[in-house]
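Encoded as structure tokens, the structure appears first; notes follow it.
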């Protein structure tokens with residue numbers, strides 16, 4: 001099967017596309033328990049550094065939105081196992097965007113980008129939108145549905161996030177003793 005894949009040009013993180021798009025044509029899936037692809041975080045200015053990633057977050061959102069659109073386009077015509085794997089690849093990237101905005105770097109990113117991303121996700125795929133909201137962030141001290149909690153007010157200014165931030169702070173203090 002020819003999938004007509006053309007990689008998006010001029011955006012960071014397009015490797016996410018070539019990891020997911022071939023799933024519509026894969027005949028056999030096999031787990032290989034070796035690391036084949038790994039980012040090294042030591043080079044200044046690379047796209048996975050915190051500074052660069054924050055600067056290109058809008059573009060990252062666009063790539064993930066394209067992946068969601070791709071999933072919606074092919075989900076009903078690919079084998080069930082391929083659909084399951086493709087859905088998990090796409091959903092993990094959908095969730096990763098929220099994670100960066102809400103957990104990793106909330107003070108470094110523009111909230112309007114996340115609000116637009118959230119609305120676009122809901123427009124493209126209500127299924128993935130709903131499923132993402134059920135994802136749980138687990139830490140030693142607590143677990144909560146961080147996307148669902150944010151969606152209530154489109155803000156981190158809730159009691160749950162307040163306690164989460166205190167818990168992270170205390171956890172770091174204890175870890176540094």
Open item on the list: Between 107, 152, which is outside any loop (DSSP other than H, G, I, E, B) and either out of contact with any helix residue (DSSP H, G or I) (no Cβ under 6 Å at 6 or more places or on another chain) or closer than 30 Å to residue 170 by Cα (or both)?
Closed with: 152
- [ ] May I ask you to verify whether residue 130 is free of Cβ contacts under 8 Å to residues at least 12 places away in the same chain and either surrounded by 12 or more Cβ atoms within 10 Å (Cβ to Cβ) or assigned by TED's automatic domain parsing to the domain that holds residue 85 (or both)?
- [x] yes
TODO: Considering every residue within region 157-164, establish whether at least one is under 16 Å from the mean Cα position of the chain (by Cα) and surrounded by 15 or more Cβ atoms within 10 Å (Cβ to Cβ).
DONE: no
Task: Residue pairs meeting the criteria (Cβ under 9 Å; at least 6 apart or on separate chains; first more than 21 Å from residue 100 (Cβ to Cβ), in region 153-177; second modelled with pLDDT under 85 and part of a loop (DSSP other than H, G, I, E, B)) - done: 170/141
Open item on the list: Given the condition assigned to a helix (DSSP H, G or I), within 23 Å of residue 136 (Cα to Cα) and in the same structural domain as residue 128 (by TED's automatic domain parsing), answer yes or no: does some residue in region 69-76 qualify?
Closed with: yes
Task: Subset tally (residues that are surrounded by fewer than 12 Cβ atoms within 10 Å (Cβ to Cβ) and either farther than 19 Å from residue 116 by Cα or in contact with a strand residue (DSSP E or B) (Cβ under 9 Å, 6 or more places away or on another chain) (or both)) for region 133-156 - done: 5
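The values are calculated or read from the model by the stated rules, or taken from the named source; none is laboratory data. What you see is a predicted model; the values in this text were computed from it and never measured. Neighbour counts are summed over all protein chains in view; Cβ atoms, including those assigned to glycine, are modelled from backbone coordinates with ideal geometry.
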